[in-house]
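Asker: Take this structure first; my questions come after.
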Amino acid sequence: TGSGTNNTLTIPGGIQVDDLLVVQQTSNLNAAYPTGPSDNNGGTWNNLTPVTRTGLGQRNSWRFAIANDASKLITLTPPTGATGTTVNVGTLHVFRGVDWNQAIATAQVSTNGSGKTFSCPGFTPAGTASAATPEYMMCLLSTTAAPGVGFGSVGGLSAPWTYRSDDGTGAAVENALYGAEVTTTGAFGIGSANNNPVPDGPGWGAPARVLH
């Protein structure tokens, strides 16, 4: 929490070169978003376009693991305008088996939940998506409405999304990840879960290609 830059995440000790690192940073500062992360191993982070909603802002960033990343620290910087009471939550997602030769192929999109609904955005996979070269789509969800209520405990989203993880911190901001491996180029509509205790959770996709 707060306005400083001393919030850190630790890269797992078992990390391997070319694992995919995705940092999800969220703040409950209205109409503002965190800056991109940095680390003490000289990694170069790719920052996706931030998204803001009423009372919530999120920045997602990624890079592939490099030599000597094990147990290094990732520094998170809150949004400009953060105060001592601003709540900032950072989550590190690690993926193994992705194709490090490929950039993100499907553009980021976003959507906003309301009431008792949280949603992942609709999307159309890149034209290269197939059984031989599937796309792994990530829906990085956040909410400020129901701290401590895990997304995975309140029912799943509609296809093609599958629950993957929840930060479980119980803080006033909560992050979660849903994933979907797609092998066709047809459009997918908004994936929603209704009648759950997690209202007002904007989510957006940050996809990356995977190999089998």
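The values are calculated or read from the model by the stated rules, or taken from the named source; none is laboratory data. Keep in mind that this is a model prediction, so the values were computed, not measured. Glycine gets a Cβ as well: all are built from the backbone with ideal geometry, and neighbour counts include every protein chain shown. Accessible surface areas use protein heavy atoms only, side chains included; no ligands, DNA or RNA. Shrake-Rupley method; radii C 1.70, N 1.55, O 1.52, S 1.80 Å.
Asker: Only residues that are at pLDDT below 70 and within 26 Å of Leu92 (Cβ to Cβ): list them for the stretch 177-196, please.
Answerer: Once the filter is applied, which keeps residues that are at pLDDT below 70 and within 26 Å of Leu92 (Cβ to Cβ), the stretch 177-196 yields Ala193, Asn196.
Asker: Now, a different point. What is the number of the single condition among (1) modelled with pLDDT under 70; (2) at positive phi; (3) out of contact with any Ser or Thr (no Cβ under 7 Å at 6 or more places or on another chain); (4) open to solvent by 40 Å² or more (accessible area, probe 1.4 Å) that Asp200 does not meet?
Answerer: Among (1) modelled with pLDDT under 70; (2) at positive phi; (3) out of contact with any Ser or Thr (no Cβ under 7 Å at 6 or more places or on another chain); (4) open to solvent by 40 Å² or more (accessible area, probe 1.4 Å), the lone unmet condition for Asp200 is (3).
Asker: Just to be sure before I move on: is Asn112 modelled with pLDDT of 75 or more, more than 14 Å from the chain's Cα centre (by Cα) and more than 22 Å from Leu9 (Cα to Cα) in the structure I sent? Lay out the reasoning, then the answer.
Answerer: Details: modelled with pLDDT of 75 or more: no; more than 14 Å from the chain's Cα centre (by Cα): yes; more than 22 Å from Leu9 (Cα to Cα): yes.
No.
Asker: Same structure, new question: In the stretch 17-59, what count of residues is obtained for those that are modelled with pLDDT under 90, closer than 21 Å to Glu135 by Cα and either basic (Lys, Arg) or crowded, with 22+ Cβ neighbours inside 10 Å (or both)?
Answerer: 0
Asker: Tyr136 - would you say it is out of contact with any helix residue (DSSP H, G or I) (no Cβ under 9 Å at 6 or more places or on another chain), aromatic (Phe, Trp, Tyr) and either part of a loop (DSSP other than H, G, I, E, B) or at pLDDT 75 or above (or both)?
Answerer: Details: out of contact with any helix residue (DSSP H, G or I) (no Cβ under 9 Å at 6 or more places or on another chain): yes; aromatic (Phe, Trp, Tyr): yes; either part of a loop (DSSP other than H, G, I, E, B) or at pLDDT 75 or above (or both): yes.
In short, yes.
Asker: With respect to Gln16, is the statement that it is polar (S, T, N, Q) and within 19 Å of the chain's Cα centre (by Cα) true? Spell out how you get there, then give the answer.
Answerer: Working: polar (S, T, N, Q): yes; within 19 Å of the chain's Cα centre (by Cα): no.
No: the conditions fail for Gln16.
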